[in-house]
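Below: the structure, in structure tokens.
FYI, it's all coordinate maths here, none of it is from the lab. Remember, it's a predicted structure, so these values are computed and weren't measured experimentally. Every residue, glycine as well, gets a Cβ built from its backbone with ideal geometry; the counts of neighbours run over all protein chains shown.
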Amino acid sequence: MPSPRAFKYYNNMIKQTFDLPQPPSANRYWRKTRAGRIYIGEDGIAYRRLVGKLLMINGYKPLEDARIGMDLIYFPPLRGGLDLDNISKALWDALEMARLFNNDKQIDDYRQRRAGRFERGLVRVTVWPDPEPCHARP
């Protein structure tokens, strides 16, 4: 897996970009017992651990309790489809478990896009502290 592509400064704060393997779909991330209890399955736990190791090895900088901007570019695998909203939550949970941020509720600015295909799938994650929250009113 490639190392982080860049550490750039964004308004005097660090902007980080990582290439991570494609997360499992929601159908493989979440599992259900016969009694109806929902839990994180083996694929989800393995993905969380892998993301944690990759970020730790590559020296990410935790954003702690900052408001966050996030840009995701998905490179779907050569085979099969990709439902963007079906895999985003797994990625957010893995980044939270890796302690990149404290809670996914901190994400104020979010964008996701689909790009060209890549062997087994890849997601390019760019995160930054968002110093300018939206002050729009209804």
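Against the chain, whose longest principal axis is taken from its Cα atoms, helix 84-97 shows a tilt of about 70°. Proximity of backbone amide H atoms, modeled 1.01 Å from N, is registered between Y110 and M70 at under 5 Å, excluding neighbours fewer than 5 places apart on the same chain.
Computed on the chain, with alpha-carbon pairs under 8 angstrom and 6+ residues apart, the relative contact order is 34 percent. Neighbour counts of C-beta atoms inside 10 Å place M70, M56, M97 in the sequence M56, M97, M70, starting with the fewest. Principal-axis analysis of the Cα atoms of the chain puts helix 42-57 at an angle of about 30° to the longest axis. Here segment 6-129 carries DSSP beta bridges of which approximately 75% are antiparallel, counting only pairs with both residues inside.
For R67, the residues whose modelled amide H falls within less than 5 Å of its own, excluding neighbours fewer than 5 places apart on the same chain, are D130. Values (i) 11, 41, 34, 12, 2, 0; (ii) 12, 36, 35, 14, 2; (iii) 12, 44, 32, 11, 0 are given for comparison; P(r) over Cα pairs in 10 Å bins from 0, in percent, derived from the coordinates here, is the one labelled (i). In straight-distance terms, cross-link reach from K15 covers every one of the lysines whose alpha-carbon lies under 24 Å from its own, apart from those fewer than eight places away in the same chain; here that gives K53, K61, K89, K105.
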